[in-house]
Structures are given as structure tokens and as C-alpha cells.
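What follows draws every value from the coordinates through simple rules; no lab data is involved. What you are looking at is a predicted structure, and each value in this text was computed from that prediction instead of being measured. A quick note on method: Cβ atoms are made from the backbone with ideal geometry, for glycine too, and the neighbour counts reach across all protein chains shown.
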Amino acid sequence: MLIAPSILSADFGNLARDVEAICEAGCDFVHVDVMDGHFVPNLTIGPVVVSSVAKVATKPLDIHLMVENNSFFVELFAPLKPEFISFHIEEEKHPHRLVQKIRSLGIRPAIVLNPHTPPESVEFLLADVDMVLLMSVNPGFGGQKFIPSVLERAKRLKALIERHNPDCLIEVDGGVSDKNIALLKEVGVNVVVAGSYVFGNENGYKDAIDSLKV
């Protein structure tokens, strides 16, 4: 299992320290939630802060856009050369075009599905993307409870991926912990985003990350 701690739950007064610490603790990606206050009812960070994160991170960035104008934000963050940029299918009128644009910038494209969006809605995009992110909470805030129906959705998505693009990864974001990680692995999830579970773990970041590497 690949682990992508979400810096949304980090201490923003000591952001560089926390990013360095999760990288040293063995994470695989640094997950960056970008929210515009329109697509979701919250406003997070822009390229100036993410640029600072990129300078201290020794693991690749995984940028998750929760925004209305996806193309604009892709161009904004592309110079930071993240590993992935993911965008919500619910907000994009021309997903194939955006996928091609992300790949042309040397970044791996990924698409995101909200908890109510069926995996079948992206079947004809699967051949063109490197990852699908299934939200297991409603996007916009950290610390929410895990929605168990994501397990069934992941199972259905895995079957579609096997048919169209076996190399495509499945990522899950929201309420991930040691209590549900084994279930996520069982249904074919490859990457998990964990925010409050990692940054709020009383035994430290390494202990939290290790407990998710099943």
C-alpha cells in the first residue's frame, strides 16, 4: 500500500518541518488538497505555499484539485512538477482534453469521484489516466468519518480497470486509518490518503504510516 499523507492536517505554522518529517517517516507521496471555496466550501492553499512544500519534500507531490476552473489550476501548479494532478469528474465538461493537457505537461493525470458518483461514469476515461481517486468522505474538510460504501465502489472500479487499463491505480481519500486499511487492500486499493490519522497520531508519523503499509 502506498501512503500519501494529506498536508491539510499538518501544522501550517510548522509546515516545512511536518513535510520533512512525513517524508523521513516513509510516506510515498505528499498529498496536497487545493480548494477554491466554490467547488467545495473551503479555501486552502495556492502555488506560493505549495512551491515551499515542493522545496522541502523528498517524496513526489500528489495534487488533488477541488476547484471549478480545472484548466487554470493545472497551469498554475504544473511548474512544480507533481507526480499526479487529479481533478473531479463532476466539475469537468471536457475530461479527455484535460487529461491530455496534464500528460502533455509531463504529469500523470488522475480523476476523482465524489462518494455519490458511480465508477461506471469514468469507464471510457480509464485507458487514458494513471489513477482514479475515490472519495470516502464528502470533499472540503479534513477529519470526516469514512463512508463504507467506498469499498463496493472500489470493487466495481477494480473490475473496470482490469478490463481497460490494468496499470491504473486506485486511491482512496477520507477517514482512512488502521481500522479500515485491510478492507481497502482487499478490494484492490493501491494508494491511501490519510490526514488526521497520520498528523494526529500520538505515537508519531512513522508509526501511523507503518500501520497503513499492509
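A few points about this structure:
- Under a 5 Å amide H cut-off, with hydrogens placed 1.01 Å from N, ALA194 pairs with ALA4, SER6 among residues at least 5 apart or on other chains.
- For the pair the stretch 77-139 and the stretch 189-205, the centres of their Cα atoms are 23 angstrom apart.
- Here LYS145 is the anchor, and the lysines within straight C-alpha reach of less than 19 Å, apart from those fewer than 8 places off in the same chain, are LYS179, LYS185.
- Label selected from [x] 12.5; [y] 10.3; [z] 15.6, the criterion being mean projected area of the Cα convex hull in nm² as computed here: [y]
- Protection proxy ranking, peptides 7-19, 123-135, average beta carbon neighbours within 10 Å, highest first: 123-135, 7-19
- Taken over the Cα atoms of the stretch 114-214, the convex hull encloses 94 Å³ per residue.
- Residues of type aspartates and glutamates that LYS101 reaches as a straight line, Cα spacing below 15 Å, ignoring anything fewer than 8 places off in the same chain: GLU75, GLU83, GLU92, ASP128, ASP130
- Relative contact order, whole percent, for the chain stands at 22, derived from Cα pairs under 8 Å and 6 or more residues apart.
- Cα-Cα separations in the stretch 38-78 greater than 17 Å, expressed as whole percent: 33 percent
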